[in-house]
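Student: My questions all concern the structure below.
The values are calculated or read from the model by the stated rules, or taken from the named source; none is laboratory data. Since this is a predicted model, take the numbers as computed values, not measurements. Note: ideal-geometry Cβ built from the backbone for every residue, glycine included; neighbour counts use all protein chains shown.
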Amino acid sequence: MAEKWYKNSYLRLLTDMHIPDWNPEFMRKFNPEKYVENMVKTGIDTVYLYANSCVGICNWPTKLGHMHNGHNGQDRIKALTEGFAEKGINVIVYINVWSKYMYDLHPEWRCKDPEGRGSGEYMFNQPGRYGVLCLNSPYQAYVLGLVDELCSSYKFKGLWVDMILWRTMCTCDHCKARFKKETGYDLPQVVDWDSPVWNAYIRKREEWVSAFYDAIIEKVKSYDPDHTVMCNCSYLENRWLGEDLAYYRKSEFVGGDFNDSREMHSLECKLFNSVTANKPFEFLGSVMDPALCEHVILKSEERMKLLMFSCLMHNGRYGFIDGIDPAGTTNPKVLARMKMLAETEKPYEKYLMPEVRFCANVGLYVSPSSVIDMKDNGKKLFELKEGTPHTDAVRGAAATLVKKHIPFTVITKYDLDNLGDYDTIILPETITLDTEEKAAIRSFVSNGGNLYASGYVALFDENASKTPEGALSDVLGVQIQGRTEEEIIYMRPENGGMVTGDFTKEHPLSFNRSQTLVKETEGRRVLARLTRVYTNPSDTEKFASAIANPPGIHTDYPSIVFGRYGKGRVLYSACAIETEDVYERENAFMRALSYVLPEKLYFASNAPQCVEITLYKQEEKGRYVLNMLNFQKELPPIAVTDTVVKIRVPETITRVFSAPDEEAVVFEAEKGEITFTVDKLDLFRMFILEY
């Protein structure tokens, strides 16, 4: 079998074509031959071709749907697929599951909110633009029919599916009937994570999305088993998108147009590297600033380079997203920008491989089933907001670990067999852990692994059964008893604990979050205890200060607990102190981690916090690759000079050189580590360490 196309693909292009056809001039100037010529000149090796868009209008002579009037009956998909194939460009067809056209044509297929409104009335606060149809309606058969038409009519290497996840809480008659038939329950209207009905509803939404995606994959593979099928995956913003962990593995590889802030981009790259079925994963980034809601303002050259290099340093592959002009033309500035980036990236390709092993001392655990918020109980479906304790804590921990140069990566249930590769695991507000996960974590710590955990841990299992005190209470050394109502707590030092630094009993360290109320078990050392505010800030009648919420009530509840389980060390924080990016709180998180971090890390550096470092091993080549990214908020960045880097790996390093210029780097070797100085870091540096 020939090697899959994505193993040797480095730069990809997706041009959004969400253009309606009410204006006869729309898409009238689109020239397939010119489009192919322009895109080949940019240096891309893979193109994603829009078969349709979220508008729901097709770009081929479909028998089921409506073809865009601007094409004048011409089969432009045929011209594009053949034209790019002739140029040696990988051709992937894009299909969008949304359809404003069919939304208007079939009101009975619409996703409906509890008030009976369709998504076109409220989606993204832009009424009239977006039509989301329910996959439990006959619309699913319509989408599969479109896929069938594409596969039977054109030659391409894969299908890329967009917007397949639930983007709204649908309570239409189709959902009500299917839920009732499969569970015997009426569709819930109020959130209750303690209720079997609510949990069944969430699981069914995940099952329904997966079954729909399975049907698309099966249809595509029936024409060619070697076809790759991918979808636009989302980060774990909320549980009701319908994206469980198994969903990621259905795609040939994971890709998406995810958040491109510094911290989130790094986190999501690490997440995608963990969950993808095949490597490398993919990041598609908008060329517009800040996103595709703009049409002519481009990200700066430095910004686009940073995002591309951030992807490469995590061993991902980068792609552009542009938006076509309504007339069907392309902005020449975009083409020039893409060509510049391709020329910047090209010299690094010889040092890239699909499979690498990241060197990480810390595994940051991400649990899609923990993306819930108990404070949502009692809310109506459309009162739900993005963000949960788990996602907030994951983000906060990742951001601090990046800035403090701690070698870490994201791990998930797919990494349970490899927990021994890490010295320390972080469980941030991981409220749900299944039987397999709990057994693996317990074994990891018992055998000498170290654990940091925060907040609610293992209250629920895979069946939504609840253990109120926490199913890992024996490992953590605490029994959960509840949670503070107030969203601000203070920690005062106890027993010489250093987590709170120089904060005292009279002036303890504050966190703008609630804390789990716990009782420590015998033999554990309490390093800090909870001090509560005088009054709950939600009380509008009574307060201790008009401006702040000072500490006032010392309690016996532990806030930080340290101890051992088997051969391993465990640090439990009742408050997710890793969540907040305030200087003193970041330092508290790092002091807490110091109780469970190994003495020597894979790498260490005096680089400032704006620099991110990754190190991975290419065993087949007998080398390590060190990447350094100067990701500053203000661009162009100020160059970082004379940065010292220490590398500790088991092999004896014999040669170090920078890439792609292959200039030799002088290094010192002593006691199993090498040290060298990076004279200047503008945006990105790559170093090859041979052994």
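Student: Take residue 179 and tell me if it is aromatic (Phe, Trp, Tyr), within 30 Å of residue 89 (Cβ to Cβ) and surrounded by 17 or more Cβ atoms within 10 Å (Cβ to Cβ).
Tutor: Values: aromatic (Phe, Trp, Tyr): yes; within 30 Å of residue 89 (Cβ to Cβ): no; surrounded by 17 or more Cβ atoms within 10 Å (Cβ to Cβ): yes.
Answer is no for this residue.
Per-residue answers, yes or no, for (1) at pLDDT 90 or above; (2) over 29 Å from residue 193 (Cβ atoms); (3) more than 12 Å from the chain's Cα centre (by Cα):
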| position | (1), (2), (3) |
| --- | --- |
| 209 | yes, no, yes |
| 216 | yes, yes, yes |
| 224 | yes, yes, yes |
| 228 | yes, yes, yes |
| 239 | no, no, yes |
| 242 | no, no, yes |
| 247 | yes, no, yes |
| 255 | yes, yes, no |
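Student: (1) in a loop (DSSP other than H, G, I, E, B); (2) more than 21 Å from the chain's Cα centre (by Cα); (3) surrounded by 15 or more Cβ atoms within 10 Å (Cβ to Cβ): which one isn't true of residue 315, the others all being true?
Tutor: Here residue 315 clears every test but (2).
Student: Output yes when any residue across the stretch 632-643 is crowded, with 16+ Cβ neighbours inside 10 Å and over 30 Å from residue 301 (Cβ atoms), and no when none is.
Tutor: No, there is no match, as no residue in the stretch 632-643 is crowded, with 16+ Cβ neighbours inside 10 Å and over 30 Å from residue 301 (Cβ atoms).
Student: How many residues does the stretch 671-691 hold that are part of a loop (DSSP other than H, G, I, E, B) and out of contact with any Asp or Glu (no Cβ under 6 Å at 6 or more places or on another chain)?
Tutor: Start the filter on the stretch 671-691 by keeping residues that are part of a loop (DSSP other than H, G, I, E, B), which leaves 671-672, 682-683, 691.
Subset that is out of contact with any Asp or Glu (no Cβ under 6 Å at 6 or more places or on another chain): 671-672, 682-683.
Within the stretch 671-691, residues that are part of a loop (DSSP other than H, G, I, E, B) and out of contact with any Asp or Glu (no Cβ under 6 Å at 6 or more places or on another chain) number 4.
Student: So, of the residues in the stretch 160-180 that are in a loop (DSSP other than H, G, I, E, B) and out of contact with any Phe, Trp or Tyr (no Cβ under 7 Å at 6 or more places or on another chain), which turns out to be nearest to residue 49 (Cα to Cα)?
Tutor: Checked the stretch 160-180; the qualifying residue nearest to residue 49 (Cα to Cα) is 165.
Student: Can residue 534 be described as touching a residue at least 24 places away in the same chain (Cβ under 8 Å) and not assigned by TED's automatic domain parsing to the domain that holds residue 651? Steps first, answer last, please.
Tutor: Details: touching a residue at least 24 places away in the same chain (Cβ under 8 Å): no; not assigned by TED's automatic domain parsing to the domain that holds residue 651: yes.
No, not satisfied.
Student: Let me ask something else. Got a number for residues in the stretch 146-163 being out of contact with any Leu (no Cβ under 8 Å at 6 or more places or on another chain) and buried (at least 21 other Cβ atoms within 10 Å of the Cβ)?
Tutor: The number of residues fulfilling the criteria is 3.
Student: Take residue 355 and decide whether it is in contact (Cβ under 8 Å) with a residue 40 or more places away in the chain, of a type in the set (Asp, Glu) and over 30 Å from residue 573 (Cα atoms). Break it down into steps so the answer makes sense when it comes.
Tutor: On the way: in contact (Cβ under 8 Å) with a residue 40 or more places away in the chain: yes; of a type in the set (Asp, Glu): yes; over 30 Å from residue 573 (Cα atoms): yes.
Against the criterion (in contact (Cβ under 8 Å) with a residue 40 or more places away in the chain, of a type in the set (Asp, Glu) and over 30 Å from residue 573 (Cα atoms)), residue 355 qualifies.
Student: Pairs only if they're at least six apart or on different chains, beta carbon under 8 angstrom, first in the stretch 68-90 and aromatic (Phe, Trp, Tyr), second buried (at least 23 other Cβ atoms within 10 Å of the Cβ); list them, first residue then second.
Tutor: Pairs that qualify, where the first residue is aromatic (Phe, Trp, Tyr) and the partner is buried (at least 23 other Cβ atoms within 10 Å of the Cβ), are 84/39; 84/47; 84/49.
Student: Being part of a loop (DSSP other than H, G, I, E, B) and under 10 Å from residue 54 (Cβ atoms) is the filter here, so list the residues in the stretch 87-105 that pass it. Reasoning before the result, please.
Tutor: Taking the stretch 87-105 and keeping what is part of a loop (DSSP other than H, G, I, E, B), we get 87-89, 97-99.
Listed by number, the residues that qualify are 97, 98, 99.
The rows are residues; the columns are (1) touching a helix residue (DSSP H, G or I) at 6+ places or on another chain (Cβ under 6 Å); (2) in a helix (DSSP H, G or I); (3) of a type outside the set (Gly, Ala, Ser).
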| residue | (1), (2), (3) |
| --- | --- |
| 208 | no, yes, yes |
| 258 | yes, no, yes |
| 267 | yes, yes, yes |
| 280 | no, no, yes |
| 285 | yes, no, no |
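Student: Could you give every pair whose Cβ atoms fall below 7 Å, whose first residue belongs to the stretch 546-571 and is in the same structural domain as residue 425 (by TED's automatic domain parsing) and of a type in the set (Asp, Glu), and whose second residue is in a strand (DSSP E or B) and crowded, with 21+ Cβ neighbours inside 10 Å, counting only separations of at least 6 or pairs across chains?
Tutor: That search, which allows pairs on different chains as well, returns 556/529.
Student: Now a separate question. Hey, could you check the stretch 31-80 for residues that are β-branched (Val, Ile, Thr) and in a helix (DSSP H, G or I) and say which is nearest to the chain's Cα centre (by Cα)?
Tutor: If we filter the stretch 31-80 for residues that are β-branched (Val, Ile, Thr), which is where we start, we get 36, 40, 42, 44, 46-47, 55, 57, 62, 77.
With the extra rule that they be in a helix (DSSP H, G or I), the set shrinks to 36, 40, 42, 77.
Numbers: 36: 32, 40: 30, 42: 28, 77: 32 Å.
Looking at residues that are β-branched (Val, Ile, Thr) and in a helix (DSSP H, G or I), I get 42.
Student: Restricted to the stretch 615-672, and to residues that are within 29 Å of residue 263 (Cα to Cα) and basic (Lys, Arg), which residue is modelled with the lowest pLDDT?
Tutor: 633
Student: Restricting attention to the stretch 121-143, which residues are free of Cβ contacts under 8 Å to residues at least 12 places away in the same chain and either surrounded by 20 or more Cβ atoms within 10 Å (Cβ to Cβ) or among the aromatic types (Phe, Trp, Tyr) (or both)? Step through it out loud before you land on a result.
Tutor: From the stretch 121-143, those free of Cβ contacts under 8 Å to residues at least 12 places away in the same chain are 121-122, 124-128, 141; that's our starting set.
Those that are free of Cβ contacts under 8 Å to residues at least 12 places away in the same chain and either surrounded by 20 or more Cβ atoms within 10 Å (Cβ to Cβ) or among the aromatic types (Phe, Trp, Tyr) (or both): 122, 124.
Student: Looking only at strands (runs of 3 or more DSSP E) that lie completely in the stretch 447-543, which have at least 1 residues being charged (D, E, K, R)? Explain how you work it out, then say what you get.
Tutor: Working: elements: 450-454, 478-483, 489-493, 509-511, 516-520, 525-533.
Hits in the stretch 447-543: 478-483, 489-493, 516-520, 525-533.
Student: Still on this structure, please answer the following. Identify all residues within the stretch 223-247 that are without any contact (Cβ under 8 Å) to a residue 60 or more places away in the chain and either assigned to a helix (DSSP H, G or I) or over 27 Å from residue 284 (Cβ atoms) (or both); write none if there are none.
Tutor: Scanning the stretch 223-247 gives 246, 247.
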